[in-house]
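Remarks on the structure that follows.
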Amino acid sequence: MIFDYKERILKFIICINILLLVLVVFKILFCKNNNSLEDDSIVTSLIELQTDTTNIYVEYPRFSNNDEINKTITDILYSYVKDFKNVDGNKSLNITYNVYYIGNYINITFKIQNSLNNINNKNIIIDTSNNKVSYISSIYNKSYLQYVINKIAYDKYPKEIYDKIKDENINNFTYIIDDEKIEVYFNNITFESINYVPYVIINIEENNIVTN
């Protein structure tokens, strides 16, 4: 009787251990198959340069488990910094970043202080299924998002600004996305009549914005 009782306890303990092992293995495989990039896998790298005429301080993310994404980010940033360095005169550049996850996509946003222009935001969207640069139209329905952007821009800005926005490819805009809203900056458009970058804010829930 006592022996039978002990045997049942031992079997129960073995079953629990097997279950825990299965859960651990499942977690490892699940993360691997979905290219999961947890926040703690990101480290901040720097580009720094100080001369008599140039001051550069750039922070950018490096993912400890994905060299392909790292190369994509550094190629874009180093090209941007190189172009900035090649401009004559006194100048300063300061860039910090944030990382946002939308399904299988990573949206890396950069806050920019650039003494040469008034563009304060840029972003890079990466599809983790292939580790390639992607576009906003891969995340959201392009036609509907264009409709919402144009509607808000029409209500917010004069006709000469709206007319330029409505004819542009929305994949060329800059996007900062969180759970509640999408900030859209029209960095790629030249507006002769103003000295700032127009933008709109889309409330995701109010405008029924859903991912593809």
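Restricting the range 174-198 to residues that are aromatic (Phe, Trp, Tyr) and in contact (Cβ under 8 Å) with a residue 60 or more places away in the chain, which is farthest from residue 142 (Cα to Cα)?
If we take residues in the range 174-198 being aromatic (Phe, Trp, Tyr) and in contact (Cβ under 8 Å) with a residue 60 or more places away in the chain, then 196 is farthest from residue 142 (Cα to Cα).
Is at least one residue of the range 87-100 closer than 23 Å to residue 199 by Cα, over 16 Å from the mean Cα position of the chain (by Cα) and modelled with pLDDT of 95 or more?
yes
What single numbered condition from (1) free of Cβ contacts under 8 Å to residues at least 24 places away in the same chain; (2) in a strand (DSSP E or B); (3) in contact with a helix residue (DSSP H, G or I) (Cβ under 7 Å, 6 or more places away or on another chain) fails to hold for residue 111?
(3)
Answer with yes or no whether residue 123 is closer than 27 Å to residue 63 by Cβ, assigned by TED's automatic domain parsing to the domain that holds residue 72, among the polar types (S, T, N, Q) and not in a loop (DSSP other than H, G, I, E, B).
So residue 123 fits the description; yes.
Hey, among 134, 129, which residue is small (Gly, Ala, Ser), surrounded by 14 or more Cβ atoms within 10 Å (Cβ to Cβ) and closer than 28 Å to residue 66 by Cβ?
Answer to the selection: 134.
Confirm whether residue 164 is out of contact with any Leu (no Cβ under 8 Å at 6 or more places or on another chain), among the charged types (D, E, K, R), in contact (Cβ under 8 Å) with a residue 12 or more places away in the chain and farther than 24 Å from residue 116 by Cβ.
It is false that residue 164 is out of contact with any Leu (no Cβ under 8 Å at 6 or more places or on another chain), among the charged types (D, E, K, R), in contact (Cβ under 8 Å) with a residue 12 or more places away in the chain and farther than 24 Å from residue 116 by Cβ.
Within the range 128-135, identify whether any single residue is touching a strand residue (DSSP E or B) at 6+ places or on another chain (Cβ under 8 Å) and over 24 Å from residue 44 (Cβ atoms), and answer yes or no.
Yes, because at least one residue in the range 128-135 is touching a strand residue (DSSP E or B) at 6+ places or on another chain (Cβ under 8 Å) and over 24 Å from residue 44 (Cβ atoms).
The values are calculated or read from the model by the stated rules, or taken from the named source; none is laboratory data. Given the structure is predicted, the values throughout are model-derived calculations rather than measurements. Please note: Cβ atoms are built from the backbone with ideal geometry, for glycine as well, and neighbour counts cover all protein chains shown.
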